[in-house]
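Notes follow once the structure below has been shown.
The values are calculated or read from the model by the stated rules, or taken from the named source; none is laboratory data. The structure presented is a predicted model; accordingly, all values stated were derived computationally and were not measured. Backbone-built Cβ (ideal geometry, glycine too); neighbour counts: all protein chains shown.
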Amino acid sequence: MERPEESNGGETAAPVRRDFIRSRIDEDLASGRHRQVVTRFPPEPNGYLHIGHAKAICLNFTVAQEFGGRCHLRFDDTNPTKEEQEFVDNIEADIRWLGFEWGDHLYFASDYFERLYGFAVELIEKDKAYVDELDAEQMREYRGTLTSPGRESPYRNRPVAESLDLFRRMRAGDFPDGALVLRAKIDMASPNINLRDPVLYRIRRAHHHRTGDDWCIYPMYDYTHPLSDAIEGITHSLCTLEFEDHRPLYDWVLDNVTIDCHPQQIEFARLGLPYTVMSKRKLIDLVTGRHVRGWDDPRMPTLAGYRRRGYTPAAIRAFAEAIGVAKANSEVEVGLLEHHLREDLNQHAPRVMAVLAPLKVVLTNYPAGKVEEVEAINNPEKESDGSRRIPFSGELYIEREDFAEEPPKGWFRLSPGKEVRLKHGYYVRCDEVIKDAAGEITELRCTYDPESAGGTTPDRRKVKGTLHWVSASHAIPAEVRIYESLFAEAHPGERTGDYLDDLNPDSLRVLADARVEPSLAGAGAGSVFQFLRQGYFCVDPDSTPERPIFNRTVGLKDTWAKLQKRS
């Protein structure tokens, strides 16, 4: 949908594209239903945030900003067996990294435990909830299926006073874990299984990261979420499509307690990426099963993983804006995310030279012991970034794949008798190939043209190949980690039923003998550079001054942009 063109001082503004959520908010404000927009991002602190959460974060915070409202950060911390302060801290760090702030509006569902308990008592008093003694297996049996209705629990119609007494004793710790639950009394024959007397409270003796051991009963998410929204005065509760079938329960809870706010739940499509899993359970399994190095492994779809790999907040925000807000789930190509990353890094990442698989080149006619410095532009996209000086000597390293002893047709790189240009340096010609006893090429003997400094010669002869290089005696040894998709199949587990069967054994390749130019000495963790002709690389936190480690962030080839031009 589009907002009509508006006049601005006699000029006609371009139409602003509107999605269905923003259009709904427009209507609510115009009708007077709401005067201020209040949204929230409500993560459960039981894991790290992933790229799908980034879409929800951007939507909730930007919508609030656009309408002059506010967005709350609220942790739905109702399951103490899986929640940790580590997750709280990292979630806050990730949201700030993306560029969003919640100000004074940081909340926890645990802040409301007493009020939630009071609402539960109210539901019991209204005969809208009851204490049940069915165990988990019996409850599943009574619940029915998608095609058959459920059956009422034999405890469903116990007296209100009895349920009240049992519920208070549940809170007092008189019963073991799992012995009793509090259930809503709705409709066991409802075609929506979520309305078949869902559990509201369960007994769980577990230490809570904020309330300690004050509570031994904890509210369920579907009960806590609408009440927390209402307590905070949320106007628009934006959530992904899997919660669409939960909306009737969301509304039922609010309609049956005494509270003066009823937020509107609106669902939007969740983000799907091929070669990726975003189920929190699966991500936890990847970490605990040591299939990855941790939550911030650069192969993980977590924001911490993307950050360690060198992704930028601006790129992720641009990606979230580009995919927009839809009503139907769909899959987005990873190439679109990488496109926005390249767009950002191309503007900001300094250009440097690094050789990932070194092959030694000896310039036989270069003066012995001579070292000169050549000037290199730091970023052709930003003139203000200036230039740097790089040492050039008679012994260099080039990329092993830039030489072919028997070159194929159309080969423009180095080969016997062929001349190429060294970036920022001279023309060189390969005269001799040195091999070891096993026939492996160990060194190239070349001559350079001293008249070709800066890439031109007096006779203006042309060469088609330009290679990057580093000075052998000045280059810094480095480790480079090349990442591919964590999974070898676009839809992990679809083939065999077990997503772990589709792990890509080649998702990480370590190049332990790389060499980088000396300007990278001491580069700080998180710094991103463009390695000429190679891609974008980020300094890993494991780096040391003696041995820097670089993660490949993304390659240079933008296949998504090319496909868009063709279409």
Only one residue in Gly47, Gly68 is in contact with a Lys or Arg (Cβ under 9 Å, 6 or more places away or on another chain) and either in contact (Cβ under 8 Å) with a residue 12 or more places away in the chain or surrounded by 23 or more Cβ atoms within 10 Å (Cβ to Cβ) (or both), so which one is that? Gly47
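Give Val88, Val131 a once-over and let me know the one that is of a type outside the set (S, T, N, Q), out of contact with any Asp or Glu (no Cβ under 6 Å at 6 or more places or on another chain) and part of a strand (DSSP E or B).
Details: Val88 fails: part of a strand (DSSP E or B).
Only one candidate passes the filter, namely Val131.
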I'd like to verify a number: residues in the range 168-194 that are part of a helix (DSSP H, G or I) and in contact with a helix residue (DSSP H, G or I) (Cβ under 6 Å, 6 or more places away or on another chain), how many? 1
Identity of the residue in the range 441-478, in a strand (DSSP E or B) and of a type in the set (S, T, N, Q), that ends up surrounded by the most Cβ atoms within 10 Å (Cβ to Cβ): Ser471
Selection within the range 195-237 - surrounded by fewer than 18 Cβ atoms within 10 Å (Cβ to Cβ) and assigned to a strand (DSSP E or B): Val199, Gly212
Can you spot a residue in the range 416-436 that is exposed (fewer than 15 other Cβ atoms within 10 Å of the Cβ) and part of a helix (DSSP H, G or I)? no
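Looking at the range 238-262 only, could you name the residues that are among the acidic types (Asp, Glu) and assigned to a helix (DSSP H, G or I)? Step through it out loud before you land on a result.
Of the range 238-262, the ones among the acidic types (Asp, Glu) are 242, 244-245, 251, 255, 260.
Scanning the range 238-262 gives Glu242, Glu244, Asp245, Asp251, Asp255.
Search the range 290-322 for residues being in a loop (DSSP other than H, G, I, E, B) and over 13 Å from the mean Cα position of the chain (by Cα), and hand back the single one that is surrounded by the fewest Cβ atoms within 10 Å (Cβ to Cβ).
Step one: of the range 290-322, the residues in a loop (DSSP other than H, G, I, E, B) are 290-301, 310-312.
Retained after the next criterion (residues that are over 13 Å from the mean Cα position of the chain (by Cα)): 290-294.
On the way: Arg290: 8, His291: 15, Val292: 20, Arg293: 15, Gly294: 14.
Out of the qualifying residues, it is Arg290.
Answer yes or no as to whether Tyr275 is hydroxyl-bearing (Ser, Thr, Tyr) and either free of Cβ contacts under 8 Å to residues at least 40 places away in the same chain or outside any helix (DSSP H, G or I) (or both). Give the derivation first.
Values: hydroxyl-bearing (Ser, Thr, Tyr): yes; either free of Cβ contacts under 8 Å to residues at least 40 places away in the same chain or outside any helix (DSSP H, G or I) (or both): yes.
Criteria met by Tyr275.
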When you look at Leu59, is it at pLDDT 95 or above, in a strand (DSSP E or B) and of a type in the set (A, V, I, L, M), yes or no? no
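Do we have Tyr117 as more than 25 Å from Tyr311 (Cα to Cα) and in contact with a strand residue (DSSP E or B) (Cβ under 6 Å, 6 or more places away or on another chain) here?
On the way: more than 25 Å from Tyr311 (Cα to Cα): yes; in contact with a strand residue (DSSP E or B) (Cβ under 6 Å, 6 or more places away or on another chain): no.
When the stated conditions are applied, Tyr117 does not pass them.
Residue-by-condition table, conditions (1) in contact with an Asp or Glu (Cβ under 8 Å, 6 or more places away or on another chain); (2) without any contact (Cβ under 8 Å) to a residue 60 or more places away in the chain; (3) under 26 Å from Leu345 (Cα atoms):
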residue: Ala357; (1), (2), (3): yes, no, yes
residue: Glu375; (1), (2), (3): no, yes, yes
residue: Arg388; (1), (2), (3): yes, no, yes
residue: Phe392; (1), (2), (3): yes, no, no
residue: Gly425; (1), (2), (3): no, yes, yes
residue: Val428; (1), (2), (3): yes, no, no
Check Val287, Val325 and return the single one that is assigned by TED's automatic domain parsing to the domain that holds His491, touching a strand residue (DSSP E or B) at 6+ places or on another chain (Cβ under 6 Å) and surrounded by fewer than 20 Cβ atoms within 10 Å (Cβ to Cβ). Val325
Could you check the range 444-465 and list, in sequence order, the residues that are modelled with pLDDT of 95 or more and of a type in the set (Val, Ile, Thr)? Thr447
Please work out which residue is surrounded by the fewest Cβ atoms within 10 Å (Cβ to Cβ), limiting yourself to the range 486-518 and to residues that are touching a helix residue (DSSP H, G or I) at 6+ places or on another chain (Cβ under 8 Å) and outside any loop (DSSP other than H, G, I, E, B). Leu500
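Going by what's in this entry, would Glu122 be described as surrounded by 14 or more Cβ atoms within 10 Å (Cβ to Cβ) and part of a loop (DSSP other than H, G, I, E, B)? Working first, answer last.
On the way: surrounded by 14 or more Cβ atoms within 10 Å (Cβ to Cβ): yes; part of a loop (DSSP other than H, G, I, E, B): no.
Criteria not met by Glu122.
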When you check Ala525 against the structure, is it outside any strand (DSSP E or B), touching a Pro at 6+ places or on another chain (Cβ under 8 Å) and of a type in the set (Gly, Ala, Ser), yes or no? yes
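Residues to consider are Asp506, Asp513, Asp501, Asp558; find the one that is under 27 Å from Arg413 (Cα atoms) and out of contact with any strand residue (DSSP E or B) (no Cβ under 8 Å at 6 or more places or on another chain).
Working: Asp506 fails: under 27 Å from Arg413 (Cα atoms); Asp513 fails: out of contact with any strand residue (DSSP E or B) (no Cβ under 8 Å at 6 or more places or on another chain); Asp501 fails: under 27 Å from Arg413 (Cα atoms).
Within the list Asp506, Asp513, Asp501, Asp558, the selection yields Asp558.
Output the number of residues of the range 494-527 satisfying the condition of being within 30 Å of Phe392 (Cα to Cα) and not small (Gly, Ala, Ser).
Selection size over the range 494-527: 9.
For the structure I just gave you, tell me whether Val554 is under 30 Å from Gly369 (Cα atoms), within 29 Å of the chain's Cα centre (by Cα) and not small (Gly, Ala, Ser). Outline the logic, then answer.
Numbers: under 30 Å from Gly369 (Cα atoms): no; within 29 Å of the chain's Cα centre (by Cα): yes; not small (Gly, Ala, Ser): yes.
Against the criterion (under 30 Å from Gly369 (Cα atoms), within 29 Å of the chain's Cα centre (by Cα) and not small (Gly, Ala, Ser)), Val554 does not qualify.
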Would you mind finding the one in Pro274, Pro301, Pro248, Pro263 that is over 21 Å from Phe61 (Cβ atoms) and in contact with a His (Cβ under 8 Å, 6 or more places away or on another chain)? Pro274
Return the pairs, sorted by first residue and then second, in which the second residue is part of a helix (DSSP H, G or I) and surrounded by fewer than 17 Cβ atoms within 10 Å (Cβ to Cβ), the first residue lies in the range 192-212 and is touching a residue at least 60 places away in the same chain (Cβ under 8 Å), the beta carbons are less than 8 Å apart, and the residues are 6+ apart or on different chains. His209/Gln85
Cross-chain or 6+ apart pairs with Cβ under 7 Å, the range 230-248 first and without any contact (Cβ under 8 Å) to a residue 24 or more places away in the chain, then in a strand (DSSP E or B) and of a type outside the set (A, V, I, L, M): Glu244/Glu267; Arg247/Gln265
